[in-house]
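The next block holds one structure in the form of structure tokens; read it before the comments.
FYI, it's all coordinate maths here, none of it is from the lab. Everything numeric in this text was worked out from a predicted model, so none of it was measured. Positions of Cβ are backbone-derived with ideal geometry, glycine not excepted, and every protein chain shown enters the neighbour counts.
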Amino acid sequence: MKTSPVLKLMVISLVLLMSAALSAQEKETPKPASTAAPQERTERRSFETARDSYKLEFTLAETEGGRKVNTRTFTVMCEDLGGRTSGHLRIGSRVPVPNAATPGGGPVQFQYMDVGMKIDAFLNTTGDGSLSLSATVDVSSVAEGGAPGPPVVRSMQFSSNTGIVPGKPAVLSTADDLGSNHRFEVQVIATKLGK
């Protein structure tokens with residue numbers, strides 16, 4: 001059975017019309033809008049979580065009158081765990097703090113306060129391949145020679161978002177002690193591991 005040229009032409013025309021109609025529908029179908037604000041979408045594009053592991057050496061230096069009196073170094077391993085390159089460090093003591101007197105003269109009860117060093121670090125890779133470190137450092141200690149009663153706690157806290165270059169020290173923060181002529185400086189050096 002032969003197909004007439006007119007029938008062939010009609011079938012081809014019908015196929016072309018249907019594909020043109022489908023193509024037009026796809027162009028008109030709105031894509032779901034992102035729930036993030038425009039600035040958030042831009043930030044997501046400009047930063048990616050670092051996919052490598054790094055050793056971060058945080059150094060806390062204390063000076064008095066320009067002379068270094070104390071230096072402490074803390075190492076945090078920042079590893080890629082499930083798409084998030086981060087590291088955390090907790091070191092210190094739990095200091096007992098007595099509660100107010102209990103009714104009826106019962107035994108004194110205590111609450112405990114954590115003092116020491118806390119570091120939370122998150123690494124991102126910027127669009128040009130360099131590293132951005134988001135870090136929170138909390139340093140606290142019990143003041144010596146305090147009066148009897150609850151302990152006096154010295155504290156320094158800071159958060160920082162800083163560009164860093166592996167192998168080069170970067171100063172994250174400097175601060176003067178409000179009660180003395182001591183000055184504190186926190187710096188970090190990142191070292192890429194493996195590969």
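Would you mind computing, in nm to one decimal, how far apart the modelled labels at Thr63 and Met113 are, each placed 7 Å from Cα along Cα→Cβ?
3.0 nm
Report the extension gain between Ser155 and Thr126 in nm, rounded to one decimal, defined as 0.36 nm multiplied by the number of residues separating them, less their alpha carbon distance.
7.2 nm
Which whole-number percent gives the relative contact order of region 47-192, counting Cα pairs below 8 Å spaced six or more residues apart?
That works out to 25 percent.
Scattering from the C-alpha atoms of region 47-192 alone, worked out with Debye: what is log10 I(q)/I(0) at q = 0.09 1/Å?
Debye curve over Cα of region 47-192, log10 I(q)/I(0) at q = 0.09 Å⁻¹: -0.38.
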